[in-house]
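Scroll down for the structure; my scribbles are underneath it.
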Amino acid sequence: MTSSSTSGRKSRKLGAPEPIAALNKVRILELDKPWTEREPLVDVRIHCPDVVLSPHLCPYLRRTVADMLNRAQASLPPGYKLRVGTCLRTLDMQKSGWDSFFRRMQEEHPNWPLSALRRATNKYFAPYDQKAPPGHCTGGAVDVGLLGPDGNPLDMIAPTKGWEAAYTWSDKIGPEAKRNRMMMVEAMLNAGFSNCRDEYWHYSWGDSAWAVRVGKTECPYGWAYPPVALETDFAGKDLRIDKAQAANPLIETERDWHGRPLRARGRFDILPPTRDDGRLFAIGLYWAKGVDVELEACLPEEMKRSFPIFVGDGKESWEPLETWERQGNRLRIWLCPKADRVYLTDYPPPPKEPDRQSSDTSA
């Protein structure tokens with residue numbers, strides 16, 4: 001056995017460090033190309049029908065990475081399923097995760113200097129203020145778990161808990177947990193992914209971290225931006241978008257050189273009310289923070305009554321939307337969302353009633 005093959009096998013087993021300084025030195029090849037010539041994102045809900053997706057994720061990966069995910073799934077024993085917990089992340093999603101973990105480190109280690117707090121946070125969340133984009137923000141990274149034939153998550157951590165179980169090659173986990181974990185790890189590695197050794201669930205291809213792990217000085221992927229989308233994966237949904245419609249987006253997005261959305265226009269049809277509460281529509285507008293969006297809705301011909309439009313978080317925070325007009329059976333709406341996910345409806349759900357027991361006992 002040659003020394004190079006021995007080294008390769010050892011690196012595969014133990015993983016490789018990925019310091020931020022090394023990530024920042026990786027040359028990102030697609031930066032020299034307009035976004036129209038870069039490898040596109042694909043909708044994992046459509047492109048990877050055999051994997052299971054967690055609810056409320058941003059369901060996009062680069063096409064090559066989604067193909068690799070399919071290969072990993074196909075290599076598993078019959079009945080076993082990969083469960084995807086995270087695909088693409090927007091800047092806001094990454095910032096929220098990093099900031100939250102940083103605050104946790106501050107609370108747990110109040111005497112640590114800033115440099116130590118950042119190092120501890122960077123171990124589990126890629127920073128969003130560096131030259132190298134976080135892997136999840138490129139569409140090249142994916143977090144996965146494994147479901148057994150009964151559809152339930154397989155144990156990959158016992159008897160450890162939380163971050164104690166994160167190291168991929170941990171010798172602290174039990175035999176059954178190790179067998180389950182290695183089934184997933186081998187499927188992902190054999191499909192061509194590299195693994196972040198500090199997170200057994202995190203795999204990537206084509207991002208800066210992948211390049212550092214495998215000893216490359218260049219990588220294909222930089223920042224990626226999801227398409228502005230009309231979505232329905234929330235409680236109280238009324239607008240139905242099936243897979244065929246999702247493959248032919250209802251929104252057209254104008255982008256800059258790097259693919260950042262600038263403006264978007266879309267349309268949807270409002271069906272006659274079928275709900276007892278009289279609601280006409282509830283629709284999610286996703287991945288459009290800071291983007292000027294114009295929507296046109298077609299109302300049912302028999303719809304004569306007037307109604308307000310509200311914009312909100314889909315839960316309890318709603319406010320009237322003023323920038324809209326009705327012309328016959330056409331409804332035109334203009335807005336610039338303040339969050340990655342906002343919701344439009346003519347009938348917001350009532351606020352939850354306060355917990356009577358807690359309100360009675362509060363000071």
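Coordinate-derived values only; no laboratory data. Note that the coordinates shown come from a computational prediction; the quantities given were computed from them, not determined experimentally. FYI the Cβ positions are ideal-geometry reconstructions off the backbone, even for glycines, and counts take in every protein chain you see.
For the chain, what proportion of DSSP beta bridges, expressed in % and rounded to the nearest 5, is antiparallel? Around 80 percent of the beta bridges assigned by DSSP in the chain are antiparallel ones. Selection among Thr64, Leu31, Leu154 by position relative to the dipole of region 11-219 gives Leu31 as farthest towards the positive end (Cβ unit charges, Cα centre). Given a cut-off of 17 Å, what percent of all Cα-Cα pairs of region 62-151 lie beyond it? Summing the P(r) tail past 17 Å for region 62-151 gives 59 percent. Look at Glu176, Glu319 and count the other Cβ atoms within 10 Å of each Cβ; fewest to most, that gives Glu319, Glu176. The label point for Leu14 and the one for Lys172, both projected 7 Å from the Cα toward the Cβ, are 1.9 nm apart. Remark: relative contact order (the chain) = 15 percent; criterion is Cα-Cα distance under 8 angstrom and separation of 6 or more residues. In the elastic network of the chain, a GNM with C-alpha springs shorter than 10 Å, the most mobile of Gly162, Gly222, Gly314 is Gly162.
Stokes-Einstein, applied to the Kirkwood radius of region 113-243 over Cα pairs at a viscosity of 1.002 mPa s and 20 °C, places its translational diffusion at 125 µm² s⁻¹. In the elastic network of the chain, a GNM with C-alpha springs shorter than 10 Å, the most mobile of Leu23, Leu285, Leu321 is Leu321. Springs between Cα atoms under 10 Å define the GNM used for the chain, and in it the highest mean-square fluctuation of Asn190, Asn111, Asn180 occurs at Asn111.
Scanning the chain for long hydrophobic helices, with DSSP H runs required to stretch 20 angstrom or more by C-alpha along their axis and to average at least -1.0 on the Kyte-Doolittle scale, returns 175-190. Our summary of shape: the Cα atoms of region 11-219 have principal axis extents of 47, 46, 34 Å, ordered from largest down, in whole angstrom.
Note on His47, His202, His56: ascending count of other Cβ atoms within 10 Å places them as His56, His47, His202, the fewest first. With the cut-off at 39 Å, report for the chain the share of all Cα pairs above it, as a whole percent. Considering the chain, 26 percent of its Cα-Cα pairs are separated by more than 39 Å. Note on Ile157, Ile251, Ile46: ascending count of other Cβ atoms within 10 Å places them as Ile46, Ile157, Ile251, the fewest first. Hey, which of these cross-link pairs are over 30 Å Cα-Cα: Lys25/Lys95; Lys161/Lys216; Lys123/Lys172; Lys216/Lys289; Lys81/Lys172? As for pairs spanning more than 30 Å Cα to Cα, those are Lys161/Lys216; Lys216/Lys289.
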